[in-house]
């Protein structure tokens, strides 16, 4: 350790330490000032709805791009590790107009198509790879919470400093990304005004001390030439006067209400949504606030009132299921989650909570249903360590000891617990029919765990 010198050495040590980070509840992690990655089915679906038209125009496969939500009040978004888009909750809450978020996504897409992240040399490229590996490891841990709502704290340490160094872009790359953003927005039939408005907001921060600036300025240098370029291109756009699509506005209002309800104080929620405001976003924010503060009766009354008006809304159903589950009313949560899954069968985060409820009720019949649900989840999220651990429980209670051992091996592998992965995979291979698909899967897990364990020793 003493031989590792300088900032880069400290970064590597920090990255290594991340692999041992423990999952902690949201509130304590907030109090400790840690960077958080969070998961939410509704918000992730909204970001994808915003981004998919842009990605399609850009010639990218939307299914190959992973969206990560960073619980940070500062305004920022960035791409890293290839096709990974990170968006701060601060950006989402600050954007009254969804076209600002869409403009930022278009710009970040320009960084992806321009290959700007990969244009790094040697040590920086390696460090970036380790950084993203740590992020993804943390996200897999966050998934382990199984929560469909704003979920768990994941990654600790001086990540902001690391990101500034590893994710900063040159002025030339910024101009290239701006040009690409204009092309993508016009190609998708969307106005570039949102991107221009976002940059104008940031320009007002340039006079602030670096410590008070939003980090977007630190990683994306802003120049007068860029603003002038965006002004010219926006004025010339055939879509300049196109209004914000109504569906995007409705999505944005719900997303902001959800984040404000989960992440801000009661006084801040009341300022954003005064008691006289009876619109959907206000009601949603207050239902979440009451739940967050332990006022479960009030929270259920508010969410039930929303469900009376919108009985098939999958995210209101998910929210009610979460309230009931978290307060031990699992038998009541089960049919609510089931209805949400029936409405939105592709939402893995909701389905995993349905499966978790089924397992918690400790019924042989429900264990079988949970296995079916978790098998569907693992098709979409094969690295979901918590889903593997849940299905291991259901397999074990169903007498499928070989499959339970395989599931535990997968769970350990994706949590970075390579010794446990090797132990569980060996047991699975002893129990499963030799050369069966499950046996071969256990063999693959064993080999991968050995490879990653050796790689970790060599670092």
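General remarks:
- Restricting segment 23-53 to residues that are more than 29 Å from residue 340 (Cα to Cα) and crowded, with 19+ Cβ neighbours inside 10 Å leaves a set whose member that is modelled with the highest pLDDT is 35.
- Residue identified as in a loop (DSSP other than H, G, I, E, B) and either modelled with pLDDT of 60 or more or surrounded by 24 or more Cβ atoms within 10 Å (Cβ to Cβ) (or both) among 90, 110, 115, 103: 115
- Screening residue 396 against (1) under 28 Å from the mean Cα position of the chain (by Cα); (2) free of Cβ contacts under 8 Å to residues at least 40 places away in the same chain; (3) under 29 Å from residue 41 (Cβ atoms) leaves a single unmet condition, (1).
- Test result for residue 318, more than 18 Å from residue 250 (Cβ to Cβ) and in contact with a helix residue (DSSP H, G or I) (Cβ under 9 Å, 6 or more places away or on another chain): no
- Across segment 265-296, the qualifying residues are those that are closer than 17 Å to residue 89 by Cα and either free of Cβ contacts under 8 Å to residues at least 12 places away in the same chain or touching a strand residue (DSSP E or B) at 6+ places or on another chain (Cβ under 8 Å) (or both), and the one among them that is surrounded by the most Cβ atoms within 10 Å (Cβ to Cβ) is 268.
- Considering 184, 248, the condition of being within 25 Å of the chain's Cα centre (by Cα), farther than 14 Å from residue 107 by Cβ, modelled with pLDDT of 75 or more and crowded, with 17+ Cβ neighbours inside 10 Å is satisfied by 248 alone.
- Hey, residue 299 surrounded by fewer than 22 Cβ atoms within 10 Å (Cβ to Cβ) and either in a loop (DSSP other than H, G, I, E, B) or at pLDDT 95 or above (or both) or not: no
- Scanning segment 294-315 for residues that are farther than 21 Å from residue 341 by Cα and touching a helix residue (DSSP H, G or I) at 6+ places or on another chain (Cβ under 7 Å) gives 296, 298, 299, 302.
- Any hit, segment 360-372, residues being crowded, with 17+ Cβ neighbours inside 10 Å and under 25 Å from the mean Cα position of the chain (by Cα): yes
- Residue within segment 414-423 that is in contact (Cβ under 8 Å) with a residue 60 or more places away in the chain and outside any helix (DSSP H, G or I) present: yes
- Matching helices (runs of 4 or more DSSP H) fully within segment 311-382 where at least 1 residues are more than 24 Å from residue 396 (Cα to Cα) and modelled with pLDDT of 95 or more: 314-326, 330-343
The values are calculated or read from the model by the stated rules, or taken from the named source; none is laboratory data. Keep in mind the model is a prediction, meaning the values are calculated, not measured. Glycine gets a Cβ as well: all are built from the backbone with ideal geometry, and neighbour counts include every protein chain shown.
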